Amino acid sequence: PGMGQPRSRQLSELIAAKRAELVESPTTRLHFKEFYRQFRAKEKASFAAAKAFAATCFDRLPQKVHWRLYLEIAELSKRENRFEEARQLYQKVCRLQPYAAQGWLEYAKLEEEGGHLETCSRILHRGLMFCHYSESLLIKAIKHFERLGQLRPARVLLARLKRAGVEKVWRTVLEGALLEARAGRSAVARKVFKYLMQQVPWYGPIYFEAFRLEEKNEHFRSALQIIERGLAEIPRYGPLWFGAFRLCERADLREAEAALRR
């Protein structure tokens, strides 16, 4: 037990140091911006020129941003259809800076676009071990598993969000509500939308998606209540006005049909 504690502390310090590398000074950001501008210009000339230029920049930029250089070269290789080269570079990016969600995300996209869906799943799982609450990775993973018809792993990912502050994860929670709505679990989706309308009242698409769920299920009174609530918070949000017009048209049609039946 005595040996375990120092080891655990040492590991925590290493993790903290690695995460701290993601924080870049204004000077480093400026240097990288200049690199990116020149890199794009070289790419217009040729793949070889851009790659050669990037290779000269490793000595000029701090080691902690080298993963970003490799990421740019990987993206370049992908654009040039050099997929094996891109794959190896993405792997290097993820080894050098596993706490950067961007590396895992782009690597997963490469495999998904190549039709390697199980490999894509593994990359997303691995990335989320390091970037627990990365919005981009979580949303990508949820959509990926839904596409595969694997709703259970998608729901497992959503369950972890309970441990995080809503201000960090509400977009992912919204994606979860949409997943449940598409899966036909309207009661679950409704509950999540209600929670989000309370927690993030300023974001129009939440009201719009909640309204669409009620409209689809022909709960027109509930749909109208959601629209009224949304417009009270965000009076200029256009999609809700269009939704309101649609509901009014439907109500007018129903009245006209009822009158004809009489």
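The values are calculated or read from the model by the stated rules, or taken from the named source; none is laboratory data. Since we're looking at a predicted model, the values are computed, not measured. So basically every Cβ, Gly included, is an ideal-geometry build from the backbone, and we count neighbours across all protein chains shown.
Some values worked out for this structure:
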{"item": "Looking only at region 1-16, and only at residues there that are at pLDDT below 85 and among the aliphatic types (A, V, I, L, M), the one that is nearest to A100 (Cα to Cα)", "result": "L14"}
{"item": "Within region 89-130, tally of residues that are polar (S, T, N, Q) and in contact with a Phe, Trp or Tyr (Cβ under 6 Å, 6 or more places away or on another chain)", "result": "1"}
{"item": "Enumeration of residues in region 99-127 that are part of a loop (DSSP other than H, G, I, E, B), small (G, A, S) and more than 22 Å from L22 (Cα to Cα)", "result": "G114, G115"}
{"item": "Residue within region 128-136 that is of a type outside the set (G, A, S), in a helix (DSSP H, G or I) and surrounded by fewer than 16 Cβ atoms within 10 Å (Cβ to Cβ) present", "result": "yes"}
